1. Using DSSP loop states and a limit of at most 16 other Cβ atoms within 10 Å to flag trypsin sites (Lys or Arg not before Pro), what is the longest stretch of the chain containing no flagged site?
2. Could you calculate, for the range 87-180, the ratio of the Cα radius of gyration to the Kirkwood radius, expressed as Rg to Rh?
3. Taking neighbour counts of Cβ atoms within 10 Å as a proxy for exposure, in what order, fewest first, do Val89, Val62 appear?
4. Tell me the Kirkwood hydrodynamic radius of the chain in angstroms, computed as one over the mean inverse distance between distinct C-alpha pairs.
5. Just to be sure I understand the model, the point goes 7 Å from the Cα along the line to the Cβ. What's the resulting Lys65 to Gln108 distance in nm?
6. Just to confirm my numbers, what's the Cα centroid distance between the range 121-163 and the range 44-113 in Å?
7. Compute the length gained on full extension between Asp150 and Leu93: take 0.36 nm times their separation in residues and subtract their Cα-Cα distance, giving the result in nm to one decimal.
Amino acid sequence: MKTIIALLSLCFLWSPAFSQNNDSTQLTEMTKLSFLVGQWEGTGYFEYAPGQRRTFTETEDVQMKLGGLMLVFEGTGQSKAANGETINVHDALALARYDEQSHTFRWQAYRADRGALSTVESEARVTNQTLEWGFQDNRAGKVRFTIKLDETGAWSETGESSSDGQNWHTFMVMTLKHGQ
């Protein structure tokens, strides 16, 4: 009986550590990303080489999860092949969260690419209705993506690369509106 009481006492002592605190710094910081929550759809283009653009349609499903502690992005892009067939050109999942220890937003992105999974984990910057994240790529150099709401409330995203970190080349532009 003493063992059971001791175990129950430990459970009660630990429970505050596992309960959700609605006043946490993480929750407060994550509200800065709430502008992205919802169903989004629109169009964009990738520029693989100067003057060689491929257009696509995109859908993004963005949801707060884990009581508001994580933002989950699920994006799918489709384009028309030369034969007229619709093909997936973008199939991705991303997670955004606030790391209370480092006082930074963290970004984890996963993309299906020809039967393989590519991943990126980086710091993200969040300012007034803007999310920016990036990484170092062996071929392209520095790569960054910036998502922000434009004056009409549309999701405006650019992808840029730079070999020197000073001069940036835009290789992707996308504009999405809240879905119906």
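1. Working: sites that count: Arg114, Arg139.
Between exposed loop sites, the widest span is 1-113.
2. Numbers: Rg = 14.3 Å, Rh = 14.7 Å.
That ratio is 0.97, to two decimals.
3. Values: Val89 17, Val62 21.
Ranked by crowding around the Cβ, least crowded first: Val89, Val62.
4. Values: mean 1/r = 0.0540 Å⁻¹.
Averaging 1/r across every pair of different Cα atoms and inverting gives 18.5 Å.
5. 0.9 nm
6. Each part's Cα centre sits 11 Å from the other's.
7. Values: separation 57, 0.36 × 57 = 20.52 nm, distance 2.33 nm.
Length gained, Asp150 through Leu93: 18.2 nm.
Laboratory data are not the source of any read-out in this text; all were calculated from the coordinates shown. Nothing here was measured: the structure is a model prediction, and the numbers come from that model. Here the Cβ is made from the backbone with ideal geometry for all residues, glycine too, and neighbour counts use every protein chain on show.
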